[in-house]
Amino acid sequence: MQKESVSIGLLRLIQEQLRQRESRSPGVVEVLAGLKRHLDNTHLAVEENPVLPPGREVLLDRSIEGINDPLLQPLADQIRLARNRLTWRIDYGLFYPEEADVGQAYLDGNMHTELIGPNGCVFPDDDFSLGLFMLPPATLYRDHDHAAPELYFNLTGPCGWRFDKGCWQDFGAGSLIWNPESMAHAMRTYEQSFLSVYSWTSNVNSLCRVVPADDWQEIEAQLANTQNTLQPS
């Protein structure tokens, strides 16, 4: 029997973790269905194309180290094994219209790897995607929406979220965030970098839309100030 790749092993662990949380959030059933469809047909997996953009290696390692929930340690270990075998990409606004202002902090620190989806993945899929998403500390991911329903399975925390420009709420490691189709949402990181499993369950080729809010500069200044106070003198 051919040994499975570490990427497929990572997907199986994500599947196992989501099964344990299946009743906790809308959208988990849809994500599990997408995972099962591909993990039942591992013979269709394509060879990985390892890419790790220079300058993001230290942040990625710190993000993996930040997975400190004991229940998530098997996932952390598998991500560490897969680290150099995945295709990591930086979003320079690719998923937004050209005029969208996603914020410099986001552009300077984001990175993701797509394991299932339309963009050269282990499992190609034109209408379902799943991967890992990373942001640095003290970063605002500005309010935005998209036609794709989206699930986040957060591996680090706490991180802040708001929906439809409402009140901010903090969520810890192991939490699930469901963003229905076209619901505006934003997130912010604090002292710790952010690492999460994400999945778009349909409409994966749709663009995101920035939803302007008048408090972005204030929030970004507060986060930058917090980050500066944490730097060694």
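The values are calculated or read from the model by the stated rules, or taken from the named source; none is laboratory data. Not measured: the values here are computed from a predicted model. Cβ sites come from the backbone with ideal geometry, for glycine too, and all protein chains shown count toward neighbours. For accessibility, only protein heavy atoms count, side chains too; no ligands or nucleic acids. Shrake-Rupley method; radii C 1.70, N 1.55, O 1.52, S 1.80 Å.
Structure notes:
- Springs between Cα atoms under 10 Å define the GNM used for the chain, and in it the highest mean-square fluctuation of Ile219, Ile67, Ile79 occurs at Ile219.
- Estimated from helical segments only, the mean residue ellipticity of the chain at 222 nm is -8500 deg cm²/dmol, where each DSSP H run of four or more residues counts as -39500 (n - 2.57).
- Heavy-atom accessible surface of Phe95, to the nearest 10 Å², is about 60 Å², with a 1.4 Å probe and all protein chains retained.
- Take every pair of alpha-carbon atoms less than 8 Å apart whose residues are at least six positions apart; their mean separation over the length of segment 130-223 yields a relative contact order of 45 percent.
- Cα shape, segment 97-192, gyration tensor, a/c 1.5 rule: rounded
- Charge sum, other residues only, whose C-beta stays under 12 Å from Gln15's C-beta, Lys/Arg counted +1 and Asp/Glu -1: +2
- Prolate/oblate/rounded label for the chain (Cα gyration tensor, a/c 1.5): prolate
- Global form of segment 145-199, assessed from the alpha-carbon gyration tensor, a/c cut-off 1.5: oblate
- Angle in degrees between helix 28-39 and the longest Cα principal axis of the chain, rounded to the nearest 10: 40 degrees
- Exposure check, 1.4 Å probe, all protein chains in place: Trp178 carries approximately 60 Å² of accessible surface.
- Charge tally for Trp168 (other residues, Cβ to Cβ under 13 Å; Lys, Arg +1; Asp, Glu -1): -2.
- FRET efficiency, Asn49 to Ala224 (Cβ-Cβ, R0 35 Å, nearest 0.05): 0.50
- Each Cα pair under 8 Å and six or more residues apart adds its separation to the average, and for segment 8-149 the resulting relative contact order is 21 percent.
- Sorted peptide list for 40-47, 107-114, criterion being average Cβ within 10 angstrom, highest first: 107-114, 40-47
- Within the shell of other residues whose beta carbon sits under 13 angstrom from the beta carbon of Pro158, the net charge comes to -2, with Lys and Arg scored +1 and Asp and Glu -1.
- Candidates Ser199, Ser23, Ser182, ranked by Gaussian network fluctuation over the chain, Cα under 10 Å, top entry: Ser23
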